[in-house]
Amino acid sequence: MIKVDEKGFYGKFGGAYIPEMLYPNIEELKENYEQLMASEEFQKEFRSLLKDYVGRPTPLYFATRLSEKYGAKIYLKREDLCHTGAHKVNNTVGQIILAKKLGKKRIIAETGAGQHGVATATVCALMGMECTVFMGALDIQRQRPNVERMKILGAKVVPATSGSQTLKDATNEAMRQWINNPVDTHYIIGSVVGPHPYPEMVARFQSVISEEIKWQLKEKEKTENPDIVIACVGGGSNAAGAFYHYYNIPQVRLVAAEAAGLGVSSGKSAATTALGTPGILHGSKTLLMQTEDGQVVEPHSISAGLDYPGIGPVHAHLFDTGRAEFVAVEDEDAMKAGIELSRLEGIIPAIETAHALHSLQMIEYKKEDIIVINLSGRGDKDLDTYIKWGGY
Amino acid sequence: MNRIDQLFEKKKKRVLSIYFTAGFPNLEDTIPVMKAIENAGADIIEVGIPYSDPIADGPTIQDSNMIALNHGMSLKKLFGQLQDMRQTISLPVVLMGYLNPIIQYGMMAFCKKCKEIGIDGLILPDLPMQQYLDEYKGIFEQYGLRNIFLISPQTSEKRVIEIDQNTDGFIYMVSSHSITGAKTTISDEQISYFKRIEALQLKNPRLIGFGISDAETFNIASKYSNGAIIGSAFIKIIKESKDLETDIKAYIRSVIQ
């Protein structure tokens, strides 16, 4: 049974390893989020924004030519069609309503590829709340268009200049900012990481993805359950959303595609389950890429959204129990898969998502299998990377 | 008897604890810096275990952590440096560090080693109290280590009392909603927080940290508690120093006067 316990653990992973300065914030959230989320008022506002603002339900699209090429029935869950271009907004819509109900005035967030930053800046504009987004200085360079989008939306973008200057460091900076402003500020974490209750809360906001897959597939295939669900995993929010309602249906295979970077053993990788060991990062116990001395290792991936040395605790648990299969996809293969989908289906995917697409070449399946790939985001933000790579 | 307990038995006011990062400014400076702190007249030495992601620390201490790690500092290396420290250091010594490097070393092995070399207490900011009680309290006690918890202005009275009951050594009062090194003056709001905690009459001594940098801030903190902890301001002094012994003595003397 995949389920979070009351202390915030999924099996051996999770918890809330936070400095005492954040204890009141985390308690406040823990005590209120479930009740708030369950309230009719909250659900009404959340559902209404998902429908009219985000554009849900997103289509479950039968990819004819991709299916022909790979010899299976392949569906794409079109999260790329969400407002702002990725699944990230499902979570930020939920958390901004929560922040408002908790009486918070300011929002902070971290971002890697910039998708979560844009989704946060977007909902802050919608609700008229002050927004500060922390982003690694290196990511600011490689995701310029998203930086400008956040600024247009009225957010302040603060570069994180410590460490590897990527997502991990942006998360450190956001946590420090939260410690400095604990009273009036809500921290919108963008993935299923961080101290409890964040991983479960974010997963629940994202679980609308698998909730829709179930009834959409029922309409198309007369079954709620595909044979395989595939999603990419950095921290793992889109995967958690796509897997959520299938966690405890064992006949549905769950496949998580991590970023192998230049290769799992190249020293330039972000394949956490292949390279990681149990450790503590950003407030939870999880699998972590680290040295023998417990220092966090700088990851590498061509995709800024997967460039993270850890993984959400629920995914560490899915890996640990063998409930999900994990594959590690190299930069080059992901880029090719992105071009392939563009040519076969007329959809340019985010490079993060392209990792999930390549895993079709790494797993076994039968011709009659129904496979749902979570198409977590679109590739507009990655044009620079596609252009630099140039293999098209 | 534990050196922290001994200290507070003798000295109730104006206790000064100095924090610095192990292996900073240079890899082999750990012991010389500790000796200089002792010779200058401070009361407690707090040695930071460098970590790649110190989320409760501001830029000055982050920077010192990074420099120490780049020098090749590690927990094993640190224990090597501290192996014979009790031949020269008589002050209480507290290790401050984040949980991950310690659990990789192994909590049991870590505590055992601490006892062997004469460490008196631990400050692990990301070890939550519940986890400590459930998993580690027995080990800390077995090896005679005082566990020092943090409280902040946000900490509820109920929680402060709970922490007091489960702490020994002293309580580390974070002076404001703050990461280390972020503020340099003490506001009326902070003073009312100091008074509020003073009025609770806790069983443990209290040291105020975060934002203490000179005689003035040390005096104010000492007025409302048993003393203070200086970190970032001390790191800045030793970072610039060409003569550690002289500069450390001059700085600490200027604070305690």
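The values are calculated or read from the model by the stated rules, or taken from the named source; none is laboratory data. This one's a predicted model, so the numbers in the text were calculated from it and none came from an experiment. We place every Cβ from the backbone using ideal geometry, glycine too, and count neighbours over all the protein chains shown. Calculation scope for accessible area: heavy atoms of the full protein, side chains included, ligands and nucleic acids excluded. Shrake-Rupley method; radii C 1.70, N 1.55, O 1.52, S 1.80 Å.
Think of region B:13-256 as a dipole: +1 on every Lys or Arg Cβ, -1 on every Asp or Glu Cβ, centred on the Cα centre; then among B:LEU78, B:THR167, B:VAL94, B:THR167 lies furthest on the positive end. Which of the cysteines in chain A are isolated, no other cysteine C-beta under 4.7 Å? Cysteines of chain A left without a disulfide-compatible partner: A:CYS82, A:CYS232.
Tell me, what % of the accessible area of the protein assembly as shown is carbon and sulfur with a 1.4 angstrom probe? Working shown, then result.
Working: 11590 of 23130 Å².
Of all accessible area on the protein assembly as shown, carbon and sulfur atoms account for 50 percent.
Comparing each chain alone with all protein chains together (probe 1.4 Å, DNA, RNA and ligands left out), the residues of region A:1-29 losing at least 50 Å² of accessible area are A:TYR17, A:PRO19, A:GLU20, A:MET21. Residues of region B:52-70 that bury at least 40 Å² of accessible area when the other protein chains are present, relative to the chain alone (probe 1.4 Å, heavy atoms, ligands and nucleic acids excluded): B:SER52, B:ASP53, B:ILE55, B:GLN62. The alpha carbon centroids of region A:1-62 and region B:22-75 are separated by 39 Å. Rolling a 1.4 Å probe over the protein heavy atoms gives region A:258-392 an accessible area of 35 Å² per residue.
Run lengths n ≥ 4 of DSSP H only: what is the helix-derived mean residue ellipticity at 222 nm for chain A, with -39500 (n - 2.57) per run over all residues, to the nearest 500?
-12000 deg cm²/dmol
Buried surface for the A/B pair, taken as the accessible area of each chain alone minus that of the pair with a 1.4 Å probe, is close to 2900 Å² in total. Report summary: the helix-based calculation at 222 nm, which adds -39500 (n - 2.57) for every DSSP H run with n ≥ 4 and divides by the residues of chain B, gives -13000 deg cm²/dmol. The residue list B:LEU202, A:ASN238, B:LEU69 was ranked by how far each Cα lies along the charge dipole of the protein assembly as shown toward its positive end, using unit charges on Cβ atoms, and B:LEU202 comes out on top.
Starting from the Cα gyration tensor of chain B, take the square roots of the eigenvalues, sort them a ≥ b ≥ c, and report rounded, prolate or oblate (rounded when a/c is under 1.5, otherwise prolate if a/b is larger than b/c, else oblate). Here chain B falls in the rounded category. Solvent-accessible surface, computed for protein heavy atoms with a probe of 1.4 Å, shrinks by 50 Å² or more for the following residues of region B:94-109 when the other protein chains are added to the isolated chain: B:ASN100, B:GLN104.
With a ≥ b ≥ c the root eigenvalues of the C-alpha gyration tensor of region B:6-91, is it rounded (a/c under 1.5), prolate (a/b larger than b/c) or oblate? Oblate shape, in that a/c is at least 1.5 and b/c is the bigger or equal ratio. Placing unit charges on the Cβ atoms only, positive for Lys and Arg and negative for Asp and Glu, gives region B:13-256 a dipole magnitude near 340 debye about its Cα centre. Inter-part distance, region A:119-189 to region B:79-105, computed on C-alpha centroids, equals 36 Å. Given the protein assembly as shown, what percent of its DSSP beta bridges are antiparallel, to the nearest 5? Around 20 percent of the beta bridges assigned by DSSP in the protein assembly as shown are antiparallel ones. Overall, the anisotropy analysis places the protein assembly as shown in the prolate class: the square-rooted eigenvalues a ≥ b ≥ c of its C-alpha gyration tensor yield a/c not less than 1.5, with a/b exceeding b/c.
Taking the Cα centre of chain A as reference, the dipole from Cβ charges on Lys and Arg (+1) and Asp and Glu (-1) amounts to some 780 debye. Database remark: amide H of A:CYS232 closer than 5 angstrom to the amide H of A:ALA257, A:ALA356 (H placed geometrically; neighbours at sequence offset of 5 or more, or on other chains; Pro and chain starts carry no H). Assuming charge only on the beta carbon of Lys and Arg (+1) and of Asp and Glu (-1), the dipole of region A:132-261 about its Cα centre is about 240 debye to the nearest 20.
Heavy atoms of the protein chains alone define the surface here; on that basis region B:13-256 has 36 Å² accessible area per residue at 1.4 Å probe size.
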